[in-house]
Amino acid sequence: MSDPTYTPPKIWTYDDENGGQFASINRPTAGARFEKELPRGKHPFQLYSLGTPNGQKVTIMFEELLAKGFSDAEYDAFLIRILDLEQFGSGFVDINPNSKIPALLDTTTDPETRVFESGSILLYLAEKFGAFIPQDHAGRTECLNWLFWQMGSAPFLGGGFGHFYTYAPERYEYPINRFTMEVKRQLDVLDKQLEKHQYICGDDYTIADMAIWPWYGGVASGAVYNAAEFLQTHEYKNLMRWTEEVGSRTAVKRGRMVNRVFGEPHEQLLERHDASDFDTKTQDKM
């Protein structure tokens, strides 16, 4: 049986009841909805985020930099609860006018530098520290190819498949089939690439891996959308090998805990202000 059809009106109008779980977030307008300053910590970098796949990219990068010995990559990670609309406070919008996590402030520059969009933050930090990005022209270009592949592909996975499979108030066959087909194609792209390489770009672990793993490794393992069986991700042997290998890194395990508000309590570090927080963290009630 086919889904009921929908005839778009001549002029679209905003319905604040439309959107399911995220109806309170989504509006057709931008800008701050209320005045609120952001907190500041003591470290060079101030991160305002949530432990979603996009947020994990950046906290993984920071933890990898610190593990590599870059002590000046210390950061404070403040929690932004998007369902409480904290991303629409004036302080957050000043850093990211798009009101999406993550948002970063580099206090080591004069004036301070705002950085938003997860891919831009990864590239900014890689260039600032000269790490996790190849230095030769060909290698750097290949790394950026895959970084931008993730930025362009993930909306089909998240806003497409994830929304209609997991979050939409009604489930319809056409959008689920349409985006499932695309996600399966993307998984096959990665599987074929990883058949020839240990990591996404070759023998070296880079920001391309950090960008792709939280989304596609999460889907492959079932951590994202709980859809591994539906998508039959076990069929992608090379992707599964890479998912497990990257996920076993200590910095990745730490990074995916930061600003996390779901899962088991031991998987959550609501805010991160010192490396010792991983050992002495206390859990807030959800």
Extension length gain for Glu37 and Thr13 (0.36 nm per residue less Cα distance), in nm, is 5.4 nm
Quick note, region 137-255: a/c under 1.5 would make it rounded; otherwise a/b > b/c is prolate and the rest oblate (a ≥ b ≥ c, C-alpha gyration tensor); here it is prolate
Honestly region 10-113 on the Cα gyration tensor test (a ≥ b ≥ c root eigenvalues; a/c under 1.5 rounded, otherwise a/b vs b/c for prolate or oblate) is just prolate
Close lysine pairs (region 137-255; alpha-carbon distance under 14 Å; 8 or more apart or on separate chains) counted at 4
Largest fluctuation, Arg254, Arg241, Arg171 only, Gaussian network model of the chain with Cα springs under 10 angstrom, belongs to Arg171
Burial-style ranking of 191-199, 142-150, average other-beta-carbon count within 10 Å with highest first, yields 142-150, 191-199
Checking Ile200, Ile25, Ile60 against a Gaussian network model of the chain (alpha-carbon springs below 10 Å), the top fluctuating residue turns out to be Ile25
Measuring from its Cα centre, the chain shows a charge dipole (+1 at each Lys and Arg Cβ, -1 at each Asp and Glu Cβ) which, in debye to the nearest 20, is 300 debye
Burial-style ranking of 125-134, 99-108, 47-56, average other-beta-carbon count within 10 Å with highest first, yields 47-56, 99-108, 125-134
Summed over the other residues with a beta carbon less than 12 angstrom from that of Gln150, with K and R at +1 and D and E at -1, the charge totals -1
Over the chain, the sum of -39500 (n - 2.57) across DSSP H runs of at least four, divided by residue number and rounded to 500 deg cm²/dmol, gives at 222 nm -11500 deg cm²/dmol
By the mean-Cβ-within-10 Å protection proxy, highest first, 31-44, 261-274, 65-78 rank as 65-78, 261-274, 31-44
Sorted by chain and then number, the residues having a modelled amide H within less than 5 Å of the amide H of Ser99, at least 5 places away or on another chain, are none
Mean-square fluctuation maximum in Gaussian network of the chain, Cα pairs under 10 Å, restricted to Glu244, Glu235, Glu170, hits Glu170
Zone reached by a paramagnetic label modelled 7 Å from Asp279 Cα along Cα→Cβ, restricted to region 38-77 with backbone N below 19 Å, covers 63-64, 66-71, 74-75
Restricted to the chain, the DSSP antiparallel beta bridge percent, nearest 5, is 55 percent
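Here, each number is a calculation from the coordinates, and none is a lab measurement. Since this is a predicted model, take the numbers as computed values, not measurements. Cβ atoms come from the backbone with ideal geometry, glycine included; neighbour counts cover every protein chain shown.
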